[in-house]
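The values are calculated or read from the model by the stated rules, or taken from the named source; none is laboratory data. All values derive from a computational prediction rather than experimental measurement. Glycine also receives a Cβ, built like all others from the backbone with ideal geometry; neighbour counts cover every protein chain displayed. Side chains included, ligands, DNA and RNA excluded: accessible areas come from the protein's heavy atoms. Shrake-Rupley method; radii C 1.70, N 1.55, O 1.52, S 1.80 Å.
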Amino acid sequence: SHEQEIFNYYYGEDLSLQEIADNMQVSKNAIYKTIKLVEAKLLDWEDKLHNYDRKEKILRALNNQDYHKIKEIIS
C-alpha cells in the first residue's frame, strides 16, 4: 500500500521526508502525516496484541530456562 511504501522508504531505506516527497511527487507534509498515521496504527496494534511484551517475557523465561513459564505465556 501507499502507507507501507512511505514507511519503508523512511525506516527501511532511511530516506528523508523531502527525498520521499520528491520521489512520490507529493508534499513533505503529506509524507510526515502518513508516517505519523502509520506509527499510530502500529502502536494501536501493539497495545492490542502485546507482542513486544510477550516476546520479552519469553526471552526472560528462556534465559532462566523456565520452560513451564514459557508454556504459560504462550497459552
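Of LYS33/LYS57; LYS36/LYS71; LYS33/LYS71; LYS48/LYS71, which sit over 31 Å apart, Cα to Cα?
LYS33/LYS57; LYS36/LYS71; LYS33/LYS71
Could you report the stretch 22-75's accessible area per residue, 1.4 Å probe, as an integer in Å²?
Normalised by residue count, the accessible surface of the stretch 22-75 is 85 Å².
Please calculate the 1.4 Å probe accessible area of SER16, with all protein chains present, and give it to the nearest 10 Å².
About 50 Å², rounded to the nearest 10.
Relative to the Cα centre, what is the charge dipole magnitude of the chain, using +1 at the beta carbon of each Lys and Arg, -1 at the beta carbon of each Asp and Glu, and rounding to the nearest 20 debye?
Its charge dipole is roughly 400 debye.
How high is the FRET efficiency between HIS2 and HIS50 when r is their beta carbon distance and R₀ equals 22 Å, given to the nearest 0.05?
0.20
State the percentage of accessible surface on the stretch 26-66 attributable to carbon and sulfur atoms; use a 1.4 Å probe and exclude ligands, DNA and RNA.
55 percent
Which helices of the chain meet both criteria: a Cα extent of 20 Å or more along the helical axis and a mean Kyte-Doolittle score no lower than -1.0, with helices taken as whole DSSP H segments?
Qualifying helices, which must be both long enough and hydrophobic enough, are 28-49.
Remind me, relative contact order of the chain in percent, using alpha carbon pairs under 8 angstrom and six or more residues apart?
20 percent
Taking the dipole about the Cα centre of the chain, with the C-beta of Lys and Arg at +1 and of Asp and Glu at -1, give me whichever of ASN51, ALA21, ASN8 is farthest to the positive side.
Final value for the positive-end residue is ASN51.
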